[in-house]
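The values are calculated or read from the model by the stated rules, or taken from the named source; none is laboratory data. All figures in this text were calculated on a predicted structure; none of them were measured in a lab. We place every Cβ from the backbone using ideal geometry, glycine too, and count neighbours over all the protein chains shown.
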Amino acid sequence: MPHITPPRDETELLARARRLAGRTLGELAAELGAAVPADLRRHKGWVGQLVEQALGATASSLAAPDFEAIGVELKTLPVDGRGLPRESTYVCTVPLEAAGEDWEHSWLRRKLARVLWLPVQAEKGLALAERRIGSALLWSPSPEEEVLLRRDWEELTERILLGELEHISARHGEVLQIRPKAADSRALRHAIGLDGERVLTNPRGFYLRAAFTAAILRRHFVLPG
């Protein structure tokens, strides 16, 4: 696969992302020498990895923004025929024993400080290779959006620290939710139990609700209400 140098700044990154608009995943994969899987059931991160390579991302699985030098995170958004997100968006793992962490220094806030959103067609019945990439958007949370994110993060984090992790479901949180995050249900992490003891549980992830990302897209593109 060809090596693509990292973008020097946001302007170069956005220019690269805009050149992808309208291209199919099959075209991009052929250019990069990547094989297109039949579907995403066993290749859930394939679209994001393909776009990361095309844009010159550097962080891979490191605990850092995808474009480390310029502090930008990449998020591909599977969208339906109306251009609206089809599902919630994974942000980062939940630190299950992070007692004392505050919002300002949280990994979630750092991951969302600057995001390159890239919509990708994901209608049912549309072959993976034929799905087209949409228009890129470089985003940072507005003061109002940060208030919503912080409120959910603080409420969810407090429940974790009180040992209530097993009682948190995807229904909790207005714009943010916590869901299991593990390819293997046998993967276990330590967390805090109801009596303050350490217990083993499956890893969790922070996800942005589809309604939240849809609102971001609506503010910048002409989409259905």
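Structural remarks
- Remark: Leu137 matches the filter, which requires a residue to be surrounded by 12 or more Cβ atoms within 10 Å (Cβ to Cβ), modelled with pLDDT of 85 or more and at negative phi.
- Yes/no for Thr24 being among the polar types (S, T, N, Q), more than 23 Å from Arg109 (Cα to Cα) and touching a strand residue (DSSP E or B) at 6+ places or on another chain (Cβ under 9 Å): yes
- Residues (charged (D, E, K, R) and under 27 Å from Leu50 (Cβ atoms)) located in the range 119-156: Glu123, Lys124, Glu130, Arg131, Arg132
- Any hit, the range 149-159, residues being under 13 Å from Phe212 (Cα atoms) and either free of Cβ contacts under 8 Å to residues at least 60 places away in the same chain or surrounded by 18 or more Cβ atoms within 10 Å (Cβ to Cβ) (or both): yes
- Selected residue [farther than 19 Å from Tyr207 by Cα and either modelled with pLDDT of 95 or more or under 13 Å from the mean Cα position of the chain (by Cα) (or both)] from Arg82, Arg151, Arg131: Arg131
- Filter result (among the charged types (D, E, K, R) and within 16 Å of Arg131 (Cβ to Cβ)) within the range 1-36: Arg23, Glu27, Glu31
- Restricting attention to the range 98-115 and to residues that are in contact with a Phe, Trp or Tyr (Cβ under 8 Å, 6 or more places away or on another chain) and outside any loop (DSSP other than H, G, I, E, B), the residue that is surrounded by the fewest Cβ atoms within 10 Å (Cβ to Cβ) turns out to be Trp103.
- Verdict on Gly26 being touching a residue at least 12 places away in the same chain (Cβ under 8 Å) and crowded, with 17+ Cβ neighbours inside 10 Å: no
- If you filter the range 162-174 down to residues that are buried (at least 18 other Cβ atoms within 10 Å of the Cβ) and either on the phi < 0 side of the Ramachandran plot or outside any loop (DSSP other than H, G, I, E, B) (or both), you find that the one that is modelled with the lowest pLDDT is Leu165.
Residues are listed down the side, and each one gets a yes or a no for (1) part of a loop (DSSP other than H, G, I, E, B); (2) in contact (Cβ under 8 Å) with a residue 24 or more places away in the chain; (3) crowded, with 16+ Cβ neighbours inside 10 Å:
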residue: Arg42; (1), (2), (3): yes, no, no
residue: Gln49; (1), (2), (3): no, no, no
residue: Ala54; (1), (2), (3): no, yes, yes
residue: Leu77; (1), (2), (3): no, yes, yes
residue: Arg82; (1), (2), (3): yes, yes, no
residue: Tyr90; (1), (2), (3): no, yes, yes
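- Within the range 175-198, considering residues that are at pLDDT below 85, hydrophobic (A, V, I, L, M, F, W, C) and part of a loop (DSSP other than H, G, I, E, B), the one farthest from Ser88 (Cα to Cα): Leu194
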